[in-house]
1. Hull surface divided by four, with the convex hull built on the Cα atoms of segment 124-258: how many nm²?
2. Enter the Cα centre distance for the pair segment 129-158 and segment 258-306, rounded to the nearest angstrom.
3. Would you mind putting 237-245, 80-88 in packing order, based on average other-beta-carbon counts within 10 Å, highest first?
4. Relative to the Cα centre, what is the charge dipole magnitude of the chain, using +1 at the beta carbon of each Lys and Arg, -1 at the beta carbon of each Asp and Glu, and rounding to the nearest 20 debye?
5. Calculate the FRET efficiency for residue 51 and residue 203 from the Cβ-Cβ distance with a Förster distance of 35 Å, rounded to the nearest 0.05.
6. Mind checking the dipole of segment 124-258: about its Cα centre, +1 per Lys or Arg Cβ, -1 per Asp or Glu Cβ, Debye to the nearest 20?
7. How high is the relative contact order of segment 124-258? Use alpha-carbon pairs under 8 Å, at least six apart in sequence, and give a whole percent.
8. Please arrange 308, 247 by counting, for each residue, the other beta carbons lying within 10 Å of its beta carbon, fewest first.
Amino acid sequence: MKAVVITSFGDEKVLQVKERSLPDVQETEVLLEVKAAGVNRPDIFQRKGNYPAPDGVVQDIPGLEVAGIISSVGRKVTEWKEGDAVCCLVAGGGYASHIVVDQDMCLPVPEGLNLAEAAALPETVFTVWDNVFRRGALAAGETLLVYGGAGGIGSTAIQLAKAFGANVYTTVGSDQKEAFCKELGADAVANYKREDFSEVFRNKEINVVLDSIGGGYFEKNIELLSPDGRLIYINAVEGAHVKLNLMKLMRKRITVTGSTLRARDLAFKVQLAREIQTYVWPLIGTRFRPRIYKELPLADAPEAHRLMEGGEVMGKIVLIP
Ligand SMILES: NC(=O)c1ccc[n+]([C@@H]2O[C@H](COP(=O)([O-])OP(=O)(O)OC[C@H]3O[C@@H](n4cnc5c(N)ncnc54)[C@H](OP(=O)(O)O)[C@@H]3O)[C@@H](O)[C@H]2O)c1
């Protein structure tokens, strides 16, 4: 099979297509012919050597989500058969022509979506579902603040929060991204390069914050959150060490939490997959649709990373083997 391999840690040029042997299919696994693989920001951190794959997962092939056609099934696979079209969250190895996946991690390609769109779903939908809706318990009528609204996570969070009846505020770094987020349904958008977002959102009701920035945003989040607010971390690109005034936390009864999806075990991810199929899948195609910024051939993975690091991407990039 063909795979994009991280040949050493570094810039996007370290991503090179190599020939690899097909993985063995275990009893409860399926072999997927990958038709599309989603690109996510964590792939860039992995390429740079800052986000290793968990033990037991291929270390040098990035890629956290795929869609494709099942080409063979293990002896104990009951739910799927050869020829089925599925999309899957994977812990690595997605940038390849083939991948093996546990049968319980396969979700049907939602009606009305093509395989490129389906490949752009799992990583952000699982992350947003787990953090905004489970951990953050965002309810209809409440307000979510998510940073980077035009990104993969942001564009998913905006659409899903709106679909579940919440209000959404977000931040962006350009006018184009502002228009994109409004089109996705964001109720208010602050351009953090032009204005202080914490002034824009001051005195508004904010119940849940989804933050991947960290650093100085932490204290702003504590100021912005309403009583009983929930502050959820999924990364901390601007710094993981922060200062907390415990009195403010107590006065507002704020919950601070966070998570990383990739390291969670299979049983947890299977549970998320079942919930997502029940609650999110019926919305896809009507209330929520992944936005594809660009489809690129698998061999153009370096270009995909260059575009993402350049900061102009709105929605998702998908690689096509
Ligand atoms: N914990 C988990 O399980 C998990 C899972 C998936 C992703 N993540 C994390 O979630 C984040 C988003 O991932 P993604 O795939 O959606 O990436 P993405 O598509 O590149 O989106 C990130 C967005 O954040 C904005 N941004 C970047 N640096 C910023 C800064 N310093 N201040 C404010 N905004 C900034 C960018 O937009 P502007 O140009 O508008 O600034 C960009 O649109 C990443 O940090 C990733 O590691 C965590």
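Where a number appears in this text, it was derived from the coordinates with a stated rule and is not lab data. Source: prediction; values computed, not measured. All Cβ positions, glycine included, derive from the backbone under ideal geometry; neighbour counts span all protein chains shown.
1. So the Cα hull casts an average projection of 7.1 nm².
2. Computed from Cα coordinates, the inter-centre distance equals 14 Å.
3. 80-88, 237-245
4. I would put it at about 740 debye.
5. It comes to 0.40.
6. Value, rounded to 20: 360 debye.
7. 21 percent
8. Going from sparsest to densest Cβ surroundings: 247, 308.
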